[in-house]
Structures are given as structure tokens and as C-alpha cells.
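A.B. asks: Handing you a structure now.
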Amino acid sequence: MSIWAAIPLGTCIAYALVFLFAIQRIEKRVNRAFVYYLALAAFWSFTSFMLRLQNSPELALFWNRLLATALIAALVAYFHFVRLYTGRKPGPGVVAGYISLPILAIVSITTPWVIESSYVHDGTLYHNLGPAIYVIGALSLFYTFSVLYLLWHKYRSSHDPIERNRTAYLLAGWGVMAPMAYTNLLPVLKGLPLDHVGSFINVAIIAYAITKYDLLDVRLVARRGLGWFILLLAFAGVYAGLIFAGLRFLPDIPQIVVYTAVSIIVIAMSIAARPLRKLVETSIDRLFYRHTYDYRQALNDFCSKMGGNLNLDELARELLPMITNAINISRSYLILRDSDSGEFKHRYHYPRSDNVDDSSQITFDPDSPIVNWLDKHNTPLSLDNIDRLPQFKALWKDEREQLDKMGIRMLFPVKSRDKLVAILSLGEKHKRKYYLAEDISIVDGIARQVGVILENAQLYSFAMIKANTDELTGLYNHRHFHERLEQEIARGSRFGGTFSMIMLDIDLFKVYNDIYGHLAGDQVLRKTAKYIETSIRNIDLAFRYGGEEFAIILPEAGLQDAHKVAERIRKTIEAKTSSRAMPITVSIGVANWPGDGVMREEIIGAADIALYHAKNNGRNRTSLSCEISGTRSPALPIDSTGQSRSISIIYALAATVDAKDSYTYGHSRKVSEYAVSIAEKMNLPEQQINTIRAAGLLHDIGKIGVPDTILNKQSPLTLAEWGPIKTHPEIGAEILRHVSELADCLPLILHHHERYDGRGYPAGLSGESIPLGARIMAIADAYDAMTTPRPYRGRMDFEQALGELEKHAGTQFDPALVTVFCEIIRTSHREHYPA
């Protein structure tokens, strides 16, 4: 058997193997048509193999005539498959083709009209063709160009990037097979089975495109192929040049030595040419992507750069511009899940200059078909699929119209711990281009990674909102009032603006409580808060100052504008409650910065004076501070509670850590208790003990920036995985530095992993240069870690753990503090388990 017979035999075997695989997936008509084509193509290759064996002229003629029929049959079947793949019915071309096949077979086998004579010599076919071959040629050209047209039209008309990429593969396969199928028309190549080489390449590409979902992007294949081609060309040129130079200038050296030496040099150069390959690939990528290349690189580095960032606004401001510019689209949106309602609401968009008003806001219900599909399939969803797939028939018309209004073309699920937490929505490509599979791949990759980062940021944001919010009314609380007031003063001082402040008090609220009870009083507070919110602008800030008092900050508002707002609030509350047996009224005082004071205490005092002036003059009225001269309000402290609000912040942030890792909160609580026991044993001041208690509870808050894959790993960490772990003290300090009441905790949290011998982190402090509270927490942290079981080791009993502490006293731990702690634990054990 010659090599020319082996080629169609190998092609036949390849078709048969793909046939055996594909026949298991024939639920759809397109798959059945594909299987039918595989069978006929395998038969076509088989006839070519039988033809090229050393047969008698009679047998060669028989197989050659049968081959002509099999060729047309395979073309008709492939045309049938392509029509179904492109969404068309079989049509008259398919029907006519199948009807003509038996006629063609009879004419071809029984008459000399197609092939008159045939023989094979050394695997090469020689034959004389009859007049009917022109009919077969016409049919062949018709089906060849019809397939080309259908695939090209499908590629141009489809908006689905995955479908476009798959169609591009089919076009590539047909682009290889069609020219090679007509090589027999060239005298030089006449009689050689090159058509089966093209057929083999085509079926390999088709099988890959039909059976695999995540295809490599055709552009990626082209870029990488071009890179390797350039390198191959360069090394071939170097090789040829060195051979030429060696043979010309070193004629005395044997040729075998020259060839060997040059081969070794080129092989060594190719091994050392990795930087060159990287340079070539980078240059080609820049040529392909042009101005979007840098954005694509930044997008690839996004997660490593922003992994520890817990500011949701900053994350969105970084992420959306990168994606928009990297894949050259018109706009992008980040739709986040609301923790209360479960709805997915549009929170961020880019470009921010877009005029996105309330009518352009999109909200998906938790049971929306879009939400269900993204959650179930965890793959990108295009607008074309929404229009085509049957599961979206139940989509509300308003939701579909809103997608069009906002220009959304693609939706990407963003999941964390297998839960849908956000939807990344992308607009149209610029210049009316289509999404490429590589575009989808890069954004999908980012969406899969960014889920945990976004959820952590949402948890942190929720915790901060909870810490700043009054639970009864839903307004900002007293602590946040002072923070925002300081910010407004700082902004006004820097930019020269102004703002006004309203202080509001419910009249005779104590009497109302005494008559109707505290539950009714709470309802009045909630409704008052609601009336305030509906009466102010979006940029205005409303607070529950304390008890029945409320405060409102109005940025960029003069005193007269603030007076109008105050009167609107007062009249709204009076009108809404006038039908009650005891109507609710409010007294209001208004002050302005800097007219009524520059310092925080001055502006609050001025508003207080105006408020009590309104009360003293009959209630249910508004007074301006500038209208009052020499009057002073009763001596009321600015912070009527007289106590720190830190504890509410501590528990809110601890809840964030708890949501990150169920182990963390229990550990932090025990570390806090152990640390406080040491501090109390040492008779430290009460304020210092409270600081240690809070720091112990929050010492691991920085782990919110550590990937879950590391925190929840079931085996010991590698050296590379310890890197992110060692950043958690700095992340924790960065998180808490914005909370003024926790300022004393920062050194303890930052340095609780320092070692007494100076080999700890993050600063490498040693001895007593490590803050006392941090040295105490290091012992408490280590003891609880040793006495708590882990997936990769068991727990130590208390004596083993204390032994480890004593063993490392003076190197890892403060020896004096270790002695104190060991005494505490042993005394406690004797009390609970007496001998």
C-alpha cells in the first residue's frame, strides 16, 4: 500500500471515529444531519482508498465511478447540515440533491458518461472523464459556493459572539477543504488525494467547533500563529545565514561539523529566546488591539491590585472604565443585589457623564428569568439569546424595553460562593462592531474573579451603613452627624462654599408617650423621619440627633433656602397628623455656616438657640439664628448621651468578619477575652482595657481582604499563600483608621503579629518597642489558635499550648506576659477541675 492510499484510509478512520462520537448526540436535527454527513464522507474516503490499491483496471474503474457519486453525496449532506446550522429549512437544493443521488449513481456505475476508463499507477490515479462530468462539476460548484455563502451570511448577521466564533471555525475549515478539493484540476497535482487531506482538516475543525463550547478565539489563534511564524522565519533565516557563512568562509571544516555546530547554536538561541517571543507577542497584540491594549493588561491585573480594597465606590470606578475601554464598548453598568429585597438594582455606570436618570434605572426581580438564567448557567447572556431562547418568553415587556433603552447587549453573572451577587452589563461595541469571543472570555474571567471582592466590599459597606444608621428611623445616627458636619466644614473652608443646618424637635413628645405609650411614640418618630426625607433634596442629609430631636445638613444652601425647607417640613408634619386626637407639631431652628459660626460647636449651638427660641415662643414654628440676639438656650450638651458610640461600630465590623469566615468571629471573641484577662491581671487602666477588648475583637478584620481560597484551605499554606495572609494587619489598620473612636486600637491591630525578637511582621519591631496591647494580643491569639482544631491538625490541650508559649518566651513572646497568662490559665483550670 502506497502513501497515497494511506491518506484516504487515515481520513476514513478519522471520520469513523468522529462519527462514533457524534452519533451519541443526535437529539437535534442539526446533529443528525452532521452524523449523516460524517457517514457519507467516510464512505467517500473509503472509495478513494479502495481505488488507490493496486487493483485491476476493471476494479479501479468501478471504485472511481463510485467515488464520483460518493463525492456529490457528501457535498449534498454537508450543504444540508449547514442549512440547518444557519437556522434554515432544508429547502429545494437539499431535496433535489438527495433525489438526484440514485440517478447519478446508476448513470455513473452503469455507463461511461461520467468516467470512461481508470487505472492506478504507484498510488496515483489516471482516468478519462466522460461528458457527464461537467454536470457533476456544476453541482459541486453550486454546493461549494452555497455553503460558503450560508456560513458567511451567518457570521455577518449573528450578534452572539460564541456563535460567531463557532461559525468562523466552520468557515476556516471550509476555506481549507474547498481549494484542496479542486487540486485535481491542476495538471501537476492531478490524481493525488489532496482533497482528502483538506477533508480531514475540515472534519477536525467541524468536530471541535460543534462539540466544544469554549472555543479559542479565531483572532487569538491568528495572533499566536503569526507570532510563531515570525519567530520560525527569523530562526530559519539565522540558520540559513550561518550555514551559508560557515560553508563560504570556513571551507576547510567538514560540512557535517558546520551543520552540527549551527544546529546547536540555533537550538540554544531558540531556548534563550523566550524574552524575544514575549516581545514579538506583545508587539502583535499591540498591533491587533491598538489603543485598548493597555486597558486589557490593566484588566488582567485588576483582581491582584484591588483584592484588598473594600470601598465599593472605588472598585466600581476602577472596574467599569477598564472594561469599557479594554473591549471598546459604549457603556457599562454594575447591577448589585439589594440585601433587603433581593432585587438587582443598577448602582454604577460608565461613562459617568451619561445622563442616566430614574427612568433609565433598571431593576431585576429575584425571580426574573434573566436572574434565574444567569444564576443557573453561570455563563454570559447576550440580548440575541434573550430574544431567541424559550425560557425568556416570561420576561416582562418593561424589562426587555429597558435593556434596549440602556443599550445593553451582554449580561455577565458575578458570583461569590456560588451565589449571584451582581450582574455586569455591557453596551454596544463602538463602530457597530460585534463582540469577539476573546472579549467575552476576558470579561467573563474578570466577572468570575471579582465576585468575592464585590461581596466583601458590599458586606463592609453594609456594616458601615449599619454603624452609621439609626435602627428605629433609618436615618443617619448621632455619631455620623458629627462626622458629616466636620466634612462639610472642611469642604466649605477649602472651597469657600456655604451650608445650612436645621435642628428639629417634636413638640410635647413626652406627653404623647405618656398618653399613647412608647410603641405609638416610636411610630411617630418613624413617620417624622419619613416626612423629613420626602421634603428634602437628594444631596441633603437627615439624622436622628437623639430622642425626639432630628438634624438636617443642607449643602450649598443659604439661610433663606434652608428656612423654606424647614417650613415645608413643619407644614408637612402638621398636615399629615392634623386628624389625630393629639396632632403632632415640631419646632425648628435654622443656622448657617459660616454666618452663625465657624467651629462645629458654634454652628450646633446657633441652631440649638434658634430651636429653643421657637419652643419658647409657642412651638410649631421655625426660628432663624440670625433673628435672635442675646438669647441662649438651656445648657444642653452637644452629645446628650455622653458616651462613646464605638461599641456599635465594633459589632457591625465584627459581623462583617463573621460573614467572611464562620471561624473568625469565635476566634476573635476568645482572643479578646484572653487579652482582657491579661490586662486586668496587670491592673491596667480601664480605658486601656477597653481598647484591648475592642482590638481583640477586631484584630483579624483585615482578613476580609484575603481570598477565600486561602482562608478556607484544608491543608497547610504554601510560602506564596502566606503573602496575602501577612497583609491582613495592614489592611485591618487601613479599614479602621477612618473610624475616629477606634484610633487607639490601630497600633494593637497593626502590630499583633510582631515577634519579641524582631522577626515578626509587618514592621519587624522588637522588645518593648512593640505596643503593650499588641504583645498581649499576640499571646492570646497564639494560645487560641493552638487550642482550636484545624482541618490539617488536631488541637492541643491547655498544658501543651502553655508549654509552647513558655518555649518561645523571649523569642516570639514577651516573657513577662507569658508568665502572667500561664498563671491565669492554670489557676482557672484548677478552679474548674479541682484535683
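A.B. asks: How far is it, in nm, from the label point at His153 to the one at Ser493 when both lie 7 Å from their Cα along the line to the Cβ?
C.D. replies: According to this spin-label approximation, the distance is 7.3 nm.
A.B. asks: Remind me, relative contact order of the range 718-835 in percent, using alpha carbon pairs under 8 angstrom and six or more residues apart?
C.D. replies: 18
A.B. asks: Same structure again: Taking 0.36 nm per residue of sequence separation and subtracting the Cα-Cα distance, how much length would be gained by fully extending the chain between Met599 and Thr110, in nm to one decimal?
C.D. replies: 165.1 nm
A.B. asks: Quick one: which of 682-689, 28-35 comes out on top by average Cβ neighbours within 10 Å, and what's the full order, highest first?
C.D. replies: For the peptides 682-689, 28-35, the packing ranking is 28-35, 682-689.
A.B. asks: Can you work out the FRET efficiency for the pair Asn616 and Glu741, with r the C-beta to C-beta distance and R0 = 41 Å, to the nearest 0.05?
C.D. replies: For R0 = 41 Å, the calculated efficiency reads 0.75.
A.B. asks: Something else about it: Take Val238, project a point 7 Å from its Cα along the Cβ direction, then tell me which residues of the range 254-279 have their backbone nitrogen under 16 Å from it.
C.D. replies: Only 260-279 fall inside the zone, counting backbone N under 16 Å.
A.B. asks: Taking the simple approach of a point 7 Å from Cα along Cα-to-Cβ for both Arg317 and Thr260, what is their distance in nm?
C.D. replies: 6.7
A.B. asks: Find the relative contact order for the range 414-520 and round it to a whole percent, using C-alpha pairs within less than 8 Å whose residues are 6+ positions apart.
C.D. replies: It rounds to 18 percent for the range 414-520.
A.B. asks: Heavy-atom accessible area of Ser330 with all protein chains present, probe 1.4 Å, nearest 10 Å²?
C.D. replies: 30
A.B. asks: In the range 548-622, which GluC sites (Glu not before Pro) are in a loop and have at most 16 other Cβ atoms within 10 Å, using DSSP for the loop call?
C.D. replies: Glu556
A.B. asks: Could I ask something else about it? Which FRET efficiency value, to the nearest 0.05, do you get for Thr819 and Arg484 by plugging their Cβ-Cβ distance into 1/(1 + (r/R0)^6) with R0 = 35 Å?
C.D. replies: FRET efficiency, Thr819 to Arg484: 0.15.
A.B. asks: Order the peptides 145-156, 485-496 from the highest to the lowest mean number of other Cβ atoms within 10 Å of their residues.
C.D. replies: 145-156, 485-496
A.B. asks: Something else: Could you work out how much longer the chain between Arg830 and Glu27 gets when fully extended? Use 0.36 nm per residue separation minus the Cα distance between them, nm to one decimal.
C.D. replies: Stretched out fully, the Arg830 to Glu27 stretch lengthens by 281.7 nm.
A.B. asks: What FRET efficiency comes out for the pair Thr585/Tyr434, r = Cβ-Cβ distance, R0 = 60 Å, nearest 0.05?
C.D. replies: Here the calculated transfer efficiency is 0.40.
A.B. asks: Let me check against my output: what whole-number percent is the relative contact order of the range 71-177, with C-alpha pairs under 8 Å and at least 6 apart?
C.D. replies: 24
A.B. asks: Working out 0.36 nm times the residue gap between Leu519 and Tyr182, then minus their Cα-Cα distance, what length gain in nm do you get to one decimal?
C.D. replies: 112.3 nm
A.B. asks: Would the range 711-813 count as rounded, prolate or oblate if I go by the C-alpha gyration tensor, calling it rounded below 1.5 in a/c and otherwise prolate when a/b exceeds b/c, oblate otherwise?
C.D. replies: oblate
A.B. asks: Apply the Karplus curve 6.51 cos²θ - 1.76 cosθ + 1.60, θ = phi - 60°, to the phi angles in the range 433-441 and return the couplings in whole Hz, x for Gly and Pro.
C.D. replies: Each residue's phi maps through the Karplus curve to give 7, 9, 5, 8, 4, 5, 4, 4, 5 Hz.
A.B. asks: Going by average Cβ density within 10 Å per residue, which order do the peptides 768-775, 237-244 take, highest to lowest?
C.D. replies: Result, highest mean first: 768-775, 237-244.
A.B. asks: Which of the lysines could a cross-linker span from Lys433 if the Cα-Cα distance has to be under 27 Å and same-chain partners fewer than 8 positions apart are dropped?
C.D. replies: Lys154, Lys212, Lys397, Lys405
A.B. asks: Points 7 angstrom from Cα along the Cβ direction at Ser100 and Arg795: gap in nanometres?
C.D. replies: Output for this residue pair reads 8.3 nm.
The values are calculated or read from the model by the stated rules, or taken from the named source; none is laboratory data. Predicted model, so just to flag it, every value in this text is computed and none were measured. Using ideal geometry, Cβ is built from the backbone for each residue, glycine included, and neighbour counts are taken over all protein chains shown. For accessibility, only protein heavy atoms count, side chains too; no ligands or nucleic acids. Shrake-Rupley method; radii C 1.70, N 1.55, O 1.52, S 1.80 Å.
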